[in-house]
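One structure below.
The values are calculated or read from the model by the stated rules, or taken from the named source; none is laboratory data. Quantities reported herein were computed from a predicted structural model and do not represent experimental measurements. Heads up, the Cβs are rebuilt from the backbone with ideal geometry, glycines too, and the neighbour counts pull from every protein chain shown. Heads up: the accessible areas ignore ligands, DNA and RNA and are worked out on the full protein's heavy atoms, side chains in. Shrake-Rupley method; radii C 1.70, N 1.55, O 1.52, S 1.80 Å.
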Amino acid sequence: MQKRTSKARVIDSDGHVRETDEEVIEYMSAGYRNRRDAMLYFPLTPHHGWHRSIPANDFRRQDFRVPDWREWVGKLDEGQFELTVLYPTRFMHIGQIGNPPYAVELCRAYNDYLHDRFLSQDRRFRGMALLPLQDPPAAVKELRRAVKKYPMLGGILPADGLPLPLGHRQYWPVFEEADRLGCALSVHSCNSLRDNDRYLQPNEAATLTHVIPQMRQFTNIMFSGVMKKLKNLRLGFLEAGCGWVAFLISKIEERLERVAPEERPVLPSELLKKKQLYFQCGEEVTTRRDVELLGDECLLWASDFPHEATRTDMRVLVKEHFARKDLGREAKRKIIYDNAKRFYAL
């Protein structure tokens, strides 16, 4: 069993804040704050119909956490993390907002909240900006503001909720702006209201609602051709593991061979070689095969804290990674540190 040494360096590629509506509304403009009681009667962002904390979803003892920055610092110390990259929880459902000006308001408020409550409190906190893709010009502006002002590491693209897939041409200006800025874009999995009519059981929804939207968005982006002229953009797919990736790339490239060369989008395998594609590496039994097929320079390690409420000991999470028998020493180092450093341009 490989032991972790004191020199091992760790970057948490996907940690979370549990932002509350009561906190975020304080960063909204006066017109919204003046209607605070009425605004907070309903959730600020729509939610899906599959409640994640009911007993039918998980009978185990719950250790539910809504950590402030001080508790998160304790976890950074506990795991000896060099840093963590923070993503939202409730506001991951931003794609379900139907009113574009309201989506713009919520994204700006969340990004200000994240900077004020976390990023400015400890240099080990880094952030990804929420983007109002309902208004692509506003999303471009918000990405630029968040990266240049705070500075955040890039922008978040919701895997579900928007009426059009992410490769649609109306979203291309966001990809192009990220390329100009040299920052990352993360397609992050989330549940959506569409889940209500697709599943019959809570755990059925929890099993599929992360990976299926990621597969759909990845396929759409690869076929869209948006990445063909973008040389600096690094695109990540988080919160859905990586077991689906090699299979899907083989299917996509089989179909792309039928596209005329002058019209053919860049192949996913070429984007992998250029280090422009990244995927979260979970504890799948397929990981050894995934490394053999994809290489070990596109996978990212993440704590997902505090979402894995029953596994809050960061020392244990890190130890388990270095104790894996399906990965070599070099691959473990790349997954838990080197690849994140390159993806986020740290």
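Points worth noting:
- Calculated [θ] (222 nm, deg cm²/dmol) that DSSP helices of n ≥ 4 give over the chain, each run adding -39,500 (n - 2.57): -10500 deg cm²/dmol
- Phi-based couplings in Hz for the stretch 33-48 (Karplus 6.51, -1.76, 1.60; Gly and Pro marked x): 4, 5, 10, 3, 4, 5, 4, 7, 5, 10, x, 5, 10, x, 10, 8
- Cut-off 19 Å, label 7 Å out along Cα→Cβ of THR89, residues of the stretch 175-203 by amide N: 188-193, 203
- Derived value for the stretch 54-182: Kirkwood hydrodynamic radius 16.0 Å. Basis is the mean of 1/r over every pair of different alpha-carbon atoms.
- Förster-model FRET efficiency, 30 Å R0, LYS141 and ASN232, C-beta, rounded to 0.05: 0.95
- Each Cα pair under 8 Å and six or more residues apart adds its sequence gap; the mean of these over the residue count of the stretch 1-136 is a relative contact order of 36 percent.
- Amide H contacts under 5 Å for LEU300: PHE279, GLN280, CYS281, restricted to partners 5 or more places along the chain or on a different chain, H placed in the peptide plane at 1.01 Å from N.
- Theoretical gain in end-to-end length, ARG288 to THR20 [0.36 nm per residue, Cα-Cα removed]: 92.6 nm
- Contact order, relative form, for the chain: 22 percent (alpha carbon pairs under 8 Å, 6 or more residues apart, mean separation divided by residue count).
- Carbon plus sulfur fraction of accessible area for the chain, probe 1.4 Å, in percent: 51 percent
- Each 20 Å bin from zero up to the one holding the largest Cα-Cα distance in the chain carries the following percent of pairs: 30, 61, 8.
- Amide H to amide H, with H built 1.01 Å from N, ASP326 comes under 5 Å of no residue 5 or more places away or on another chain.
- Residue separation of LEU164 and ASP326 scaled by 0.36 nm, minus their Cα-Cα distance, works out to 54.5 nm of gained length.
- Surrounding net charge for TYR87, when Lys and Arg each add one and Asp and Glu each subtract one, Cβ distance under 13 Å: -2
- Applying the criteria of a DSSP loop state and at most 12 other Cβ atoms within 10 Å to the GluC sites (Glu not before Pro) of the stretch 6-88 yields no site.
- Built amide H within the under 5 Å cut-off of LEU157, gap 5+: SER186, VAL187, HIS188
- Solvent-accessible surface (1.4 angstrom probe) belonging to LEU208, in square angstrom, nearest 10: 60 Å²
- Solvent accessible area, Å² - THR207, 1.4 Å probe, full protein context: 100 Å²
- Using C-alpha pairs under 8 Å with a sequence gap of at least 6, the mean separation divided by the residue count of the stretch 106-238 gives a relative contact order of 24 percent.
- Rough spin-label spacing in nm, given labels placed 7 Å along Cα→Cβ, for GLN201 and ARG124: 3.9 nm
- Between the C-alpha center of the stretch 15-31 and that of the stretch 55-129 there is a gap of 10 Å.
- Modelled this way, with points 7 Å down the Cα-to-C-beta line, the labels at GLU257 and TYR102 are 4.9 nm from one another.
- Loop-resident trypsin sites (Lys or Arg not before Pro) (DSSP state other than H, G, I, E or B) in the stretch 57-150 with no more than 11 further Cβ atoms inside 10 Å of their Cβ: ARG60, ARG61, ARG123.
- Solvent-accessible area per residue for the stretch 74-172 (1.4 angstrom probe, square angstrom): 35 Å²
- Sites LEU248 and SER29, calculated FRET efficiency, Cβ-Cβ separation with R0 41 Å, nearest 0.05: 0.45
- Note on GLU176/ASP116: beta-carbon distance plugged into 1/(1 + (r/R0)^6) with R0 of 25 Å gives a FRET efficiency of 0.30.
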